[in-house]
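Just so it is clear, none of the values below were taken in a lab; they were calculated from the coordinates. A quick note: this is a predicted structure, and the numbers were derived from the prediction, not measured. Every residue, glycine among them, receives a Cβ derived from its backbone with ideal geometry; neighbour counts consider all protein chains shown.
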Amino acid sequence: MEANIIDGKALSNRLRESIKSRVEELKSRKGITPGLTVILVGNDPASAVYVRNKERACKQVGMNSSIIKLGEDTTQEELLRHIERLNKDKGVHGILVQLPLPPQIDPTQVINAIDPRKDVDGFHPMNVGRLVTGQACLEPCTPKGIIRLIQETGEPIRGKNAVVIGRSNIVGKPVSLMLLKNDATVTICHSKTSGLDEICRRADILVVAVGRPNFVDNRYVRDGAIVIDVGINRVDGKLVGDVDFQEVRQKAGWITPVPGGVGPMTITMLLENTLQAAQQNE
Ligand code: GUN
């Protein structure tokens, strides 16, 4: 039987309607309009597209949004000065510095400089520490979206074997913690893992964030598994994920498409985080 498709675009649209009405309510009851400022450093074309999509999404739900564009040769000090100013700006509830950054800038220092209450990416060590210890925090957007996509299947996460391929700070590590928080038994795999296919075949939930087109095929997938494809790879001008969709959809129970799966959810969770930051820091 063919897998059910988990439609991230449809789920996103529903969630954005709800965010839009909560934004309106915050405006009318408290006179607060949630505001996101995105800083884009350099000329990475993919980053420019992502940043434009974030700005457009904010405007669609009635939030304020602005982009600060800085040149490829921007110094770390210049960038830190912008962040300090935005930390103090009462109209800015969320600050996002688009990654990757040019080599002269240390991303760790930049992330650490953002006020944790405005850290809508959830990358600041304060938010990461709160996530690890199970305290309320701003959660990173892609992992938060992945959990919502899994919940959308209606299958409980509790007690399931979850396997995550990828150990990045942006996706692999935080999504593993969030699956654990939801009572899954979690295995984290990476490029040095041996017997990867065998481990993946034990997964009821398989999250793939390796950044290699069509890396996961049927040999990695258990019958009926939930497969979440986090990859965004451009091959011959077309977007493809890390999962061989045509093959794996014959075996999985549920699968996210690329595009239209995790991608739209990431931006929707950014909107949720910006709204949360605005509600908490009036
Ligand atoms: N670049 C790719 N993904 C992300 C993300 O989630 N946040 C930021 N700031 N940059 C990114």
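Go ahead and collect, in residue order, the members of region 15-49 whose backbone nitrogen is under 20 Å from a label point 7 Å along the Cα-Cβ direction of Asp73. Inside the label zone: 40-45.
Could you calculate the contour length gain from Gln250 to Gln151, that is, 0.36 nm times the residue separation minus the distance between their Cα atoms, to one decimal place in nm?
On the way: separation 99, 0.36 × 99 = 35.64 nm, distance 2.14 nm.
Stretched out fully, the Gln250 to Gln151 stretch lengthens by 33.5 nm.
Angle of helix 8-30 to the longest C-alpha principal axis of the chain, folded into 0 to 90 degrees and rounded to 10: 30°. With R₀ set to 35 Å, the beta-carbon distance separating Ser21 from Arg81 gives a calculated FRET efficiency near 0.40. Please work out, to two decimal places, the log10 of the ratio I(q)/I(0) at q = 0.11, 0.16 Å⁻¹ from a Debye calculation in which every Cα of region 1-131 carries one identical scatterer. Ignoring solvent entirely, the Cα scatterers give -0.46, -0.90. Across the chain, the longest piece that holds none of the trypsin sites (Lys or Arg not before Pro) lying in DSSP loops with up to 11 other C-beta atoms within 10 Å covers 193-282.
Ranking Thr74, Thr274, Thr108 by Cβ neighbours within 10 Å, fewest first, what do you get? Write down the numbers at each step before the final one.
On the way: Thr74 18, Thr274 31, Thr108 10.
The most exposed by this proxy come first: Thr108, Thr74, Thr274.
Kirkwood Rh over alpha-carbon pairs of region 64-193, then Stokes-Einstein at 4 °C and 1.567 mPa s: what D in µm² s⁻¹, rounded to an integer? Intermediate values should be presented prior to the final figure.
Values: Rh = 16.3 Å.
Answer, rounded: 79 µm²/s.
Using a simple spin-label model with pseudo-atoms 7 Å out from Cα toward Cβ, Asn43 and Asn281 lie 3.3 nm apart. Counting 0.36 nm for each residue step from Asp197 to Gln104 and taking away their Cα separation leaves a gain of 29.6 nm. Using C-alpha pairs under 8 Å with a sequence gap of at least 6, the mean separation divided by the residue count of region 58-113 gives a relative contact order of 37 percent.
Taking the 0 to 90 degree range and rounding to the nearest ten, how far is the long axis of helix 262-280 tilted relative to the main principal axis of the chain, both from C-alpha atoms? That helix lies at roughly 40 degrees to the long axis. With each label modelled as a point 7 angstrom along the Cα→C-beta vector, the Lys30-Asn53 pair spans 2.9 nm.
Each Cα pair under 8 Å and six or more residues apart adds its separation to the average, and for the chain the resulting relative contact order is 22 percent.
Per residue, the Cα convex hull of region 59-106 amounts to 87 Å³. Both radii are taken from the alpha-carbon atoms of region 110-175; with Rh as the Kirkwood radius, Rg/Rh is 1.01.
In a shell of Cβ-Cβ distance under 14 Å around Leu138, excluding Leu138 itself, what net charge do Lys and Arg (+1) and Asp and Glu (-1) give? Charge balance near Leu138 sits at -1.
The lysine pair tally for region 130-251, using Cα distances under 25 Å and a gap of 8 or more places or different chains, is 10.
Based on every Cα atom in the chain, Rg and the maximum pairwise Cα distance Dmax equal 18.9, 56 Å. Rounded to the nearest 10 degrees, the inclination of helix 141-152 to the longest alpha-carbon principal axis of the chain is 50 degrees.
Inter-part distance, region 78-129 to region 215-282, computed on C-alpha centroids, equals 26 Å. A straight Cα-to-Cα reach below 14 Å connects Lys59 with the aspartates and glutamates Glu17, Glu24, Glu272, residues fewer than 8 places away in its own chain not being considered.
In straight-distance terms, cross-link reach from Lys69 covers every one of the aspartates and glutamates whose alpha-carbon lies under 17 Å from its own, apart from those fewer than eight places away in the same chain; here that gives Asp44, Glu55, Glu77, Glu78, Glu84.
Against the empirical 2.2 N^0.38 Å scaling, what ratio does the C-alpha Rg of region 178-282 come to?
Numbers: Rg = 15.7 Å, N = 105, 2.2 N^0.38 = 12.9 Å.
Cα Rg divided by the expected 2.2 N^0.38 Å: 1.22.
Cβ crowding within 10 Å ranks Ile83, Ile67 as Ile67, Ile83, fewest other Cβ atoms first. Cβ-to-Cβ counts within 10 Å put Phe245, Phe215, Phe123 in ascending order as Phe215, Phe245, Phe123, the fewest first.
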